[in-house]
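All remarks here apply to the structure that follows.
All of the numbers you see were taken from the coordinates with simple rules; none came from a lab. Computed from a predicted model, the values in this text were never measured in an experiment. Every residue, glycine among them, receives a Cβ derived from its backbone with ideal geometry; neighbour counts consider all protein chains shown.
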Amino acid sequence: MCGITGFTHLGRGVDEELIRRATMTLVHRGPDEQNVYNDSDVSLGSVRLKIIDLSSGQQPMTSVDGSTVIVYNGEVYNFRELRVELEGLGYRFRTQSDTEVILNAFLQWDTDSFKRLRGMFAIAFWQPTRKRLVLARDRLGIKPLYLHRHGQDLYFASELKALFEHTEIDRRLSLDGLNYYLSLNYIPSPYTLIDGIEKLAPGEWIEWREGRIRREAYWKLEFRPDPKWTLDSAKEALDKLLLDSVREHMISDVPLGVWASGGVDSSTILHYAAQATSAQLKTFSVSFEGRSFDESPYFRLVAEKYATDHHEFDLNPTVEIVPAIEQLAYYSDEPSADAGALPVWFLSRMSRQFVTVALSGEGADELFGGYYTYLADKLVRPLRWTPAPLRRTVLAALGLWPVSDDKISFEYKLKRFLSGSLAEADEAHLYWNGTFATGQKRRLCDHSDWPSVVRIYDSLPPARSTGVLNRYMWIDQLAYLPDDILYKCDRMSMAHSLEVRPPFLDHRIVEFAATLPENFKVHGSRLKYLLKELMRDKLPRPILVRRKEGFDIPAHDWFRGVLRPLLMDTLNRETVEATGFFRWSAVEEVLRRHMERRANLGYHLWGLLTLFLWMKRWKVQAPATQN
């Protein structure tokens, strides 16, 4: 596991100090080794967290023939079988690392090599005699890669902070990125919150040759439900896929553990990990002792079943919450409007005391239908045959529609469900996971032209060809998963030099899930139907029948208590008005309504708090274009 950065410098000469500074901003991603490479046209930097082949495999690595240099972040789990194939083709190896396998695979198959890699990665290849730079990102976007075009040159890095070492980059908010951030709580690829910087999309490569750019997708997810699947045949297929994936994800030359939340997803990974090894596994969990949503009885149950060496961290208002949130402004790279970043921070910190690698259950909800929004999508479908005014009237008559948003008697999620039920289907699915609606954004910012975030669906075929629920799982896998869930996991874990691997996101499992009929995922009111049926005889029953909680914090309460001083100090009139873009009157209204308990707006406030902390830390200015 590593961090990478680099830049071309046509006609400008080598700036060795710049590449070293940029590389060192990533040292938390790779504290074990840091090295750079320079020639007349390009500079490359790499930091390394040693996982495979601890004695060699240093980067940047040059091929035996000197034609190609690689810097690489991630893990490729099928490197041993690729090595055997390459040795059969005449390649010889100096190390036992996956880096050298990837390098030789690129020499043999060029950009077609990316289709052969199974794992998580962001890679850069430099070929000096061809003056050619090639970058690639893994299929699911597990590992990050940022890009910036500066004239004819191309800059890249695993994290924004490395790009910020280039003083010519103007640190201004991107209106497109901000639009998505405020509405969705995340910024989908290729957008970022910085104007002029983009993310390489998952499953894509880009080539730079003397200032000319070419890019191409080497993998695209396609949903093609196959009616030939039976429940038994699908269970058998998934059982084999999971066992193979977990076995591969456990390849490591350093200590490894499993994140255990007590839910079906992480418990499934723990089950297959226990199948794959006879050694005692280490498990790690975050608890909320004394809270109604505390999951400790469940993860203790599963830890006991598999006799793990279990470790817990109790996240409560007495721990160092405020200092951790302030550190998020540095390590988050872009602000995370997902409050679940905080427990992941503490989970990563605890885990790193015992292991260097952890397996997690990320991806199962998106692949197999685990979110309540999918049920909401089904429930409101019949309502959409009636006009919105009539729906509003019926809901009010049934006592299910609040006369005013100010009434706190309605829980946050219920109110959002009811509001979303009045929107079009595509808009509703995004709204249920988001925060600020378009009208709220107009009040919040000195900008009126906010394009609909529904354009995120533009790359998808119509619902009639895939099924309505598959459509929303598709968009969640393409956008929400890489740019919220995986983004959050990568930044929080790498801040503590911990590598987290998600076995559910082996692309073979992802492609398998895309062939399943909708009712294998959401069956009536049952979420993750196939996965739970597979695990019925494997996991304790309370794990399978429990209500889904999600990995979150009590944001509504904490902003009225332990986090109130930080919130008020950050979102004050002087700071807000100094941006010249955000309106104090709107921010003050959100604060007042929440503090007076007229509404639960903790998630809105979390997004604003982390945004303003991040802008202050990195001296990010308001957008240049306003209206």
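Each residue of the stretch 499-504 was assigned a 3J(HN,Hα) from its phi angle through the Karplus expression (A = 6.51, B = -1.76, C = 1.60, θ = phi - 60°), giving 8, 10, 10, x, x, 4 Hz with x at Gly and Pro.
In this Cβ point-charge picture (+1 for Lys and Arg, -1 for Asp and Glu), the stretch 554-627 has a dipole of about 80 debye about its Cα centre. Of the options LEU544, TRP109, PRO335, report the single residue whose Cα projects farthest towards the positive end of the charge dipole of the chain (beta-carbon charges: Lys, Arg +1; Asp, Glu -1). Most positive-ward Cα: LEU544.
A protection proxy built from the mean count of other Cβ atoms within 10 Å ranks the segments 191-197, 451-457, most packed first, as 191-197, 451-457. Excluding same-chain neighbours fewer than eight residues apart, the lysines reachable from LYS378 by a Cα-Cα span under 25 Å are LYS228, LYS235, LYS413, LYS415, LYS521, LYS528, LYS532, LYS548. When a/c reaches 1.5 or more, the comparison of a/b and b/c decides; with that in mind, is the stretch 98-210 rounded, prolate or oblate per its Cα gyration tensor? Since a/c reaches 1.5 but b/c is at least a/b, the shape of the stretch 98-210 is classed as oblate. Across the stretch 152-162, coupling constants 3J(HN,Hα) worked out from phi with the 6.51/-1.76/1.60 Karplus curve, θ = phi - 60°, read 8, 8, 10, 10, 8, 6, 5, 9, 4, 4, 5 Hz, and Gly and Pro carry x. Rounded to the nearest 20, the size of the Cβ-charge dipole of the chain about its Cα centre is 1440 debye, with Lys and Arg at +1 and Asp and Glu at -1.
Once you have the Cα-Cα distance between VAL322 and GLU511, take 0.36 nm times their residue separation minus that, and quote the gain in nm to one decimal.
63.9 nm
The stretch 67-125 and the stretch 221-282 have Cα centres lying 25 Å from one another. If you average the C-alpha positions of the stretch 134-178 and of the stretch 541-602 separately, how far apart do those two centres end up, in angstrom? That distance is 30 Å. Using a cutoff of 8 angstrom between alpha carbon atoms and counting only pairs six or more residues apart, the relative contact order for the chain works out to 16 percent. Under the combined filter of DSSP loop state and at most 12 neighbouring Cβ atoms within 10 Å, the stretch 205-274 retains these trypsin sites (Lys or Arg not before Pro): LYS220, LYS228. Multiplying the residue separation of ASP449 and ASP569 by 0.36 nm and subtracting their alpha-carbon distance yields 40.2 nm.
Out of all DSSP beta bridges with both ends in the chain, state the antiparallel percent to the nearest 5. Walk me through the numbers on the way to the answer.
Details: 54 of 71 bridges.
Of all bridge pairs located within the chain, approximately 75 percent are antiparallel.
With 10 angstrom as the radius, rank ARG172, ARG491 by how many other C-beta atoms surround their C-beta, starting from the fewest.
With the fewest neighbours first, ARG172, ARG491 line up as ARG172, ARG491.
Note on the stretch 446-491 and the stretch 333-371: Cα centroid distance 20 Å, given to the nearest whole angstrom. Listed peptides 5-17, 298-310 appear in the order 298-310, 5-17 once ranked by packing, highest mean of other Cβ atoms within 10 Å at the front.
In the stretch 76-117, Cα pairs under 8 Å separated by at least six residues give a relative contact order of 48 percent. With a ≥ b ≥ c taken as the square roots of the eigenvalues of the C-alpha gyration tensor of the stretch 525-627, please select rounded if a/c is under 1.5 and otherwise prolate if a/b is larger than b/c or oblate if it is not? In terms of gyration-tensor shape, prolate. Where only DSSP H runs of four or more residues are counted, the chain gives -10500 deg cm²/dmol as its mean residue ellipticity at 222 nm, each run worth -39500 (n - 2.57).
Per residue, the average separation of C-alpha pairs within less than 8 Å and at least 6 apart gives the stretch 1-143 a relative contact order of 21 percent.
Taking square-rooted eigenvalues a ≥ b ≥ c of the alpha carbon gyration tensor, is the stretch 1-107 rounded, prolate or oblate, where a/c under 1.5 means rounded and, failing that, a/b exceeding b/c means prolate? Oblate, because a/c is 1.5 or more while a/b does not exceed b/c.
In this Cβ point-charge picture (+1 for Lys and Arg, -1 for Asp and Glu), the stretch 517-557 has a dipole of about 260 debye about its Cα centre.
Along the charge dipole of the chain, which of THR283, PRO31, LEU231 sits closest to the positive end, that is, farthest toward it, with unit charges on the beta carbon of Lys, Arg, Asp and Glu (+1, +1, -1, -1)? Going by the charge dipole, the pick is LEU231.
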